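Derivation of every value follows stated rules applied to the coordinates shown; laboratory data play no part. Since this is a predicted model, take the numbers as computed values, not measurements. FYI the Cβ positions are ideal-geometry reconstructions off the backbone, even for glycines, and counts take in every protein chain you see.
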Amino acid sequence: MARVTVLYFASLRDAAGVAGETVDSAATDLRALYDALRARHGFALPVDRLRVAVDGAFARWDDALADGSEVAFIPPVSGG
Amino acid sequence: MPRFSLSPDPFDTAPLREALDDARAGAFAGFEGRVRNHNDGRAVDGLHYEAYAALAEAEGERVVAEALERFDILDARCVHRTGDLAIGEIAVWVGVAAAHRDAAFAACRYIIDEVKARVPIWKRERYAEGGEDWQHP
C-alpha cells in the first residue's frame, strides 16, 4: 500500500472535480493507479493517450508507486 | 536567467527582443502565436491556458537548450501565457538570435513545434455559441 498525492489537469481535473487528491493504493504500477482512478472518476482518456510524471519529472507507466510521491497525469497537451 | 517562462499576464515583447541583442547577430527570427477567432469551423470568443508549471518550465527550458545545441544560434527565448486570453492576444512568443537567417528560422520553428508537442500546457476554447472545451489533440 502506498499513499500518493495525485494531480489532475485540464479535462481530467474537470471530470474528477478536484485539482488533486491523496490516494491510498495497492496498484503495482502507475498504469494500474491511473486505471483505478479512471474507473472511479469516469475519465474519458485511456492511459495510452496520457503521459505521467512523478515529483515533477516525466516517469514511465510501469514505474512502481513510491510512498509519499506526487503523481501527475498529463493529458494530451495543447499549448501554442 | 531562464530562457523559457510562463506568464500569467499579457507581456511586452520589446524587452524580450532587446535581451537577444548581440553584435554578432545578423539575424533575429521571431514567432508570435496569437488567439484567433475560430477553430475547426467554430467561432471562438477566447481561450484559457492552464499549465503544470513546474514541469512546463523544466520541459520548456529543455526545448530551448536543445535548440541551442542543434542549431548555430547565439541565444533564444520563449514565453507562454497562462490564464484567460482574448482574441488577438499573444499566446506564445519565440525569439532567436543568430549570425545567419537559416539557423535563426530553423531554431525558431524547432522551439515552437516542440513546445506545442511536449510542454504540459492545455488550451480550453470558449465558443461564441456557448460552451467551452479542453483541447486534447
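Couple of notes before you dig in:
- Criterion: surrounded by 17 or more Cβ atoms within 10 Å (Cβ to Cβ) and either out of contact with any helix residue (DSSP H, G or I) (no Cβ under 8 Å at 6 or more places or on another chain) or not in a loop (DSSP other than H, G, I, E, B) (or both) - qualifying residue of A:Leu65, A:Leu37: A:Leu37
- Qualifying residues in region A:23-51 (those that are touching a strand residue (DSSP E or B) at 6+ places or on another chain (Cβ under 6 Å) and among the charged types (D, E, K, R)) - the one farthest from the other protein chains (Cβ to nearest Cβ): A:Asp24
- Filter result (of a type in the set (D, E, K, R) and within 12 Å of chain A (Cβ to nearest Cβ)) within region B:76-93: B:Arg81
- Residue satisfying condition, being of a type in the set (Phe, Trp, Tyr) and surrounded by fewer than 17 Cβ atoms within 10 Å (Cβ to Cβ), within set A:Phe58, A:Phe43, A:Phe9, A:Phe73: A:Phe58
- The set of residues from region B:19-47 being farther than 24 Å from B:His136 by Cβ and crowded, with 16+ Cβ neighbours inside 10 Å comprises B:Leu20, B:Ala25, B:Ala27, B:Phe28, B:Ala29, B:Gly30.
- Of all residues in region A:4-22, exactly one satisfies the criterion of being part of a loop (DSSP other than H, G, I, E, B), within 13 Å of chain B (Cβ to nearest Cβ) and free of Cβ contacts under 8 Å to residues at least 40 places away in the same chain, namely A:Ala19.
- Pick from region A:46-55, criterion part of a loop (DSSP other than H, G, I, E, B) and out of contact with any Leu (no Cβ under 9 Å at 6 or more places or on another chain), ranking: surrounded by the fewest Cβ atoms within 10 Å (Cβ to Cβ): A:Pro46
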